[in-house]
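Below you'll find the structure, written out as structure tokens, and then a few comments.
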Amino acid sequence: MLDSTLSELETRAVSLIEAAADAEALETARVEFLGRKGSLANIGKDMGKMAPEDRARVGKLLNAVKQNLESRYESRKAAFERAALDARLGGEWLDLTMPAPGARPGSLHPLTLIQKELEELFTSLGFAVVDGPEVETPWHNFDALNIPPSHPARDAQDTFWLEDTLLLRTHTSPVQVRAMEKFGAPLRIIAPGRVFRNEEVDASHEHTFYQLEGMMIDRDVSVAHMLYFMKSLLTAIFKKDVEVRLRPGFFPFVEPGFELDIQCLICGGPGCPVCKQSGWVELLPCGLVHPNVLRSGGIDPDEWSGFAFGLGLTRLVMMRYGIDDIRHLASGDLRFLQQF
Ligand code: FA5
């Protein structure tokens, strides 16, 4: 009698375990049949009242049923756990090759773009690109460039002094002297870099801006050579004819000296805040190197001559891209920078 009850119970338990739709239904079946107060446990409790010969047989049978149910239960439980894990991992799946969201490639600053173009042009013409310190000695920034302490040109380039003995360079011209000291003659260099002036800031003046110095020293260098390089520079950058004017300009370190102005490309001539209503923008002062400057650099002016120019790199960038206010360039404003 008990045997058939046990076998019915086994059949029912097997079908419930195998048919359980989820882990919860499986657990309910386990509690019902295999739990501490489940059907099998109850039968076990009753075994004490059995005749000894029945007890051994029923005990064996009960064990076999229990093992059968437990192993079915374990394997279904493992299957549910595997499925749950797969579902979780599926939800967490990461494509490591996918680009990070929001990562936008950066771009070069317009000053860097134009500086690179000019470096490529001048290296193709046999010039070396050299560097100089931004913190300079008064000797390199002024004296060696034929600007003695009492000279009014020092007032025109007021700067920031560091403990009275060093200063932030006001132009890239000190690199002329450093290059002569280091390399001697003949010499062909350009020196792009940052310069500083104690200046009233407006649409075309910054206290921190960029220049690109150029210098060529050889035998019998003339104004004609200089103009050839100035023209090559402007053609390479603007890739079209631009109106320029050459007028005499005074700089103590050149003789003769010139100012090369470009017709304002922001307003096209009638006048605007960038050209201070004049229609022209000062861009490329230049001249033949003064003999005193050659001497300061240790070069004999009777044997060698040269030209030098001091391109206003920041202004050139403004003209090239039509930037109507110099302050955009150092603003760090992405709306401006992302246009390049
Ligand atoms: C000089 O600095 C000379 N060292 C240039 C030079 C070199 C002349 C070699 C002869 C031979 P100047 O002060 O004019 O010159 O400045 C040169 C250029 O820098 C100007 O034409 C202008 O384009 C630019 N510049 C001058 N001041 C500012 C400023 N505050 N902000 C932006 N650009 C400026």
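We did not get these values from a lab; they are worked out from the coordinates using the rules stated. Not measured: the values here are computed from a predicted model. Backbone-built Cβ (ideal geometry, glycine too); neighbour counts: all protein chains shown.
So what's the gap between the Cα centers of the stretch 275-304 and the stretch 180-251, to the nearest angstrom? If you average the Cα positions of each part, the centres end up 8 Å apart. Sorting 154-160, 85-91 by average packing, meaning the other beta carbons within 10 Å per residue, from highest down gives 154-160, 85-91.
Beta bridges per DSSP, both residues in the chain: antiparallel share near 95 percent.
In the stretch 178-249, what GluC sites (Glu not before Pro) fall in a loop by DSSP, with at most 14 other Cβ atoms inside 10 Å? The partial results should precede the final answer.
Numbers: sites: Glu181, Glu199, Glu200, Glu206, Glu213, Glu243; in loops: Glu199, Glu200, Glu206, Glu243.
Listed in order of number, the matching sites are Glu200, Glu243.
Highest-first packing order for the peptide set 46-59, 316-329 is 316-329, 46-59, based on the mean count of other beta carbon atoms within 10 Å. Sequentially through the stretch 169-178, phi angles give Karplus couplings (6.51, -1.76, 1.60; θ = phi - 60°) of 4, 8, 7, 8, 4, x, 5, 3, 5, 4 Hz, Gly and Pro residues having no value and appearing as x. Ranking of Trp161, Trp304 by neighbouring Cβ atoms within 10 Å, starting from the fewest: Trp161, Trp304.
Distance from the Cα centroid of the stretch 309-340 to that of the stretch 14-40 is 77 Å (rounded to whole angstrom). The residue among Asn68, Gly184, Gly322 whose Cα reaches farthest toward the positive pole of the charge dipole of the chain, with charges on the beta-carbon of Lys, Arg, Asp and Glu, is Asn68.
Sort Ser305, Ser107 by Cβ crowding within 10 Å, fewest neighbours at the top.
Ser107, Ser305
Histogrammed with a bin width of 10 Å, the alpha carbon distances of the chain distribute as 5, 19, 20, 11, 4, 3, 3, 5, 7, 8, 8, 5, 2, 0 percent, first bin at zero. When cysteine pairs in the chain are screened for C-beta atoms closer than 4.7 angstrom, the residues that find no partner are Cys286.
Pairwise over distinct Cα atoms, reciprocal of the mean inverse distance: report the Kirkwood radius of the stretch 106-183 in Å, one decimal place.
Numbers: mean 1/r = 0.0696 Å⁻¹.
Over the stretch 106-183, the inverse of the mean reciprocal pair distance is 14.4 Å.
By other beta-carbon atoms within 10 Å, ranking Thr5, Thr137, Thr97 with the fewest at the front produces Thr97, Thr5, Thr137.
When only the Cβ of Lys, Arg, Asp and Glu is charged (+1, +1, -1, -1), the dipole of the stretch 110-337 relative to its Cα centre reaches about 600 debye. Taking 0.36 nm per residue of separation and subtracting the Cα-Cα distance, full extension of the segment from Ala25 to Gln338 would add 106.7 nm. If you take the square roots of the eigenvalues of the alpha-carbon gyration tensor of the stretch 1-53 and sort them as a ≥ b ≥ c, do you get rounded (a/c under 1.5), prolate (a/b over b/c) or oblate? Here the stretch 1-53 falls in the oblate category. Just so you know, the Cα atoms of the stretch 2-91 work out to an Rg and Dmax of 15.6, 58 Å.
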